[in-house]
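I have placed the structure first, in the form of structure tokens, so that the comments after it can refer back to it.
The values are calculated or read from the model by the stated rules, or taken from the named source; none is laboratory data. Because the structure is a prediction, the values reported are computed rather than measured. So basically every Cβ, Gly included, is an ideal-geometry build from the backbone, and we count neighbours across all protein chains shown.
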Amino acid sequence: MQDVLQNYIPEIAIPQVLKLLEHDNLVVKIKNERKTRHGDYKRLPNGKHQITVNSNLNTYRFLITLIHEVAHFEAYKTYGRFIKPHGIEWKRTFQHLMLPFLNPGIFPDHLLPLLAKHFRNPKASSDTDVNLALALKQFDEPNNKTYIFEVPLGSTFKLYNGKVFKMGQKRVKRFECIEVKTGKLYLFNPNAEVEIEIPASAGIS
């Protein structure tokens, strides 16, 4: 496992992570990119526990996601199967497990204040923490995607599944967007990544 992890997380974090994974009934798998999640945890029918993490995550997001999923496993072991997936038991477990990693030997200095703030009350997804998500994004491979908050009002954009939306007004935290085909209203987090639709006539003189 060490040989695999060295390709995905900061090298200095590997020994601590390996200690967390020292369970005979815990299986960790690295998956191809899934658009709707960075990772997941589930108890398998044979009694083992499986954690999956997307292979395309940058090293810092991969580490956070892996510990997020380990926290589900540890919370299950400690508190049982009837706790809420992202309830207080999981939050406390995630905070406890993540604390040793929150140091400048593992994360860049400018990420540490954002991480410290996030882990006062960790959410089900770090993507809902806009400032942290944007800071982590800078370590991703470049792509042609645009953040929702950067899309001009009235412009159209496309999701990974091909659905096309028209940009609307901002509410308190999220943006109103209308699906062009159905006219239905959806709310998007500001750091959702989308592809701006370029009119066919654009660039033609």
The residue from 97, 132, 114 that alone is in contact (Cβ under 8 Å) with a residue 24 or more places away in the chain, assigned by TED's automatic domain parsing to the domain that holds residue 66 and hydrophobic (A, V, I, L, M, F, W, C) is 97
From 172, 194, residue being loosely packed, with under 10 Cβ neighbours inside 10 Å and closer than 21 Å to residue 130 by Cα: 172
Restricting to the stretch 76-97, name every residue that is farther than 23 Å from residue 117 by Cβ, of a type outside the set (Phe, Trp, Tyr) and buried (at least 16 other Cβ atoms within 10 Å of the Cβ). 83
Take the residues in the stretch 46-75 that are more than 22 Å from residue 134 (Cα to Cα) and touching a strand residue (DSSP E or B) at 6+ places or on another chain (Cβ under 7 Å); name whichever of them is surrounded by the fewest Cβ atoms within 10 Å (Cβ to Cβ). 48
Residue 43: within 21 Å of residue 96 (Cα to Cα), surrounded by 14 or more Cβ atoms within 10 Å (Cβ to Cβ), of a type in the set (Lys, Arg) and in the same structural domain as residue 82 (by TED's automatic domain parsing), yes or no? no
Enumeration of residues in the stretch 121-149 that are of a type in the set (Asp, Glu) and surrounded by 15 or more Cβ atoms within 10 Å (Cβ to Cβ): 127, 129
Are any residues in the stretch 146-159 under 21 Å from residue 181 (Cβ atoms) and modelled with pLDDT under 90, and if so, which ones? 146
Can you report the number of residues in the stretch 105-145 which are modelled with pLDDT of 95 or more, of a type in the set (A, V, I, L, M) and not in a helix (DSSP H, G or I)? 1
When you scan the stretch 94-109, do you find a residue that is farther than 23 Å from residue 17 by Cβ and not basic (Lys, Arg), even just one? no
Would it be correct to say that residue 99 is of a type in the set (A, V, I, L, M), out of contact with any Leu (no Cβ under 8 Å at 6 or more places or on another chain) and under 22 Å from residue 6 (Cα atoms)? yes
Selection count, the stretch 81-90, where residues are at pLDDT 95 or above and either more than 24 Å from residue 29 (Cβ to Cβ) or outside any loop (DSSP other than H, G, I, E, B) (or both): 5
I'd like to check something: does the stretch 60-78 contain any residue that is at pLDDT 95 or above, of a type outside the set (D, E, K, R) and outside any helix (DSSP H, G or I)? no
